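Inspection log for the structure reproduced underneath, given as structure tokens.
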Amino acid sequence: MAKSNKPIIWGLFAAGGTVTAFLTPALVLLTLLPVFGVMPELLAYDNLRAFAGHWFGKLVLFGILFLMMWHAAHRLRVTLHDFGVRADGVVAVAVYLAAAAGTLAAGYFLLRV
């Protein structure tokens with residue numbers, strides 16, 4: 001029986017979709033709060049910078065960004081296939097390289113905080 005890497009790809013896709021589904025509405029709500037004049041102390045710049053500067057905060061943010069990027073890459077690959085782009089090998093390399101580049105950029109910028 002041939003081995004496949006599909007469980008890894010689908011696992012990242014599912015985890016990224018779950019994280020995105022739970023966090024995106026919360027992020028939208030937290031972004032809209034200052035528009036309505038409500039600015040919780042938790043969202044102050046100093047507090048967010050302190051969270052992103054701590055090793056655990058960096059790990060959490062990196063994990064969220066990693067999963068979201070790989071979910072988006074796989075979703076884009078499947079969407080392009082549905083639109084008739086049949087060069088799956090080229091598309092897979094392009095979208096997963098973009099996700100890898102985004103992941104590396106996220107790690108680089110998080111390490112600079």
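FYI, it's all coordinate maths here, none of it is from the lab. Source: prediction; values computed, not measured. Cβ sites come from the backbone with ideal geometry, for glycine too, and all protein chains shown count toward neighbours.
General remarks:
- Kirkwood hydrodynamic radius (C-alpha pairs) into Stokes-Einstein, the range 56-110, 20 °C and 1.002 mPa s, D in µm²/s: 182 µm²/s
- For the chain, the membrane-span-like helices by this rule, meaning whole DSSP H stretches whose C-alpha atoms cover at least 27 Å of axis and whose Kyte-Doolittle mean is 0.0 or above, are 6-32, 55-82, 88-112; this says nothing about an actual membrane.
- Pair Ala44, Leu30: separation of 7 Å Cα→Cβ label points (nm): 1.7 nm
- Ser4-Phe51 pseudo-label distance in nm [points 7 Å out on the Cα-to-Cβ vector]: 3.9 nm
- By the Kirkwood approach, averaging reciprocal distances over each pair of separate Cα atoms, the chain gets a hydrodynamic radius of 16.1 Å.
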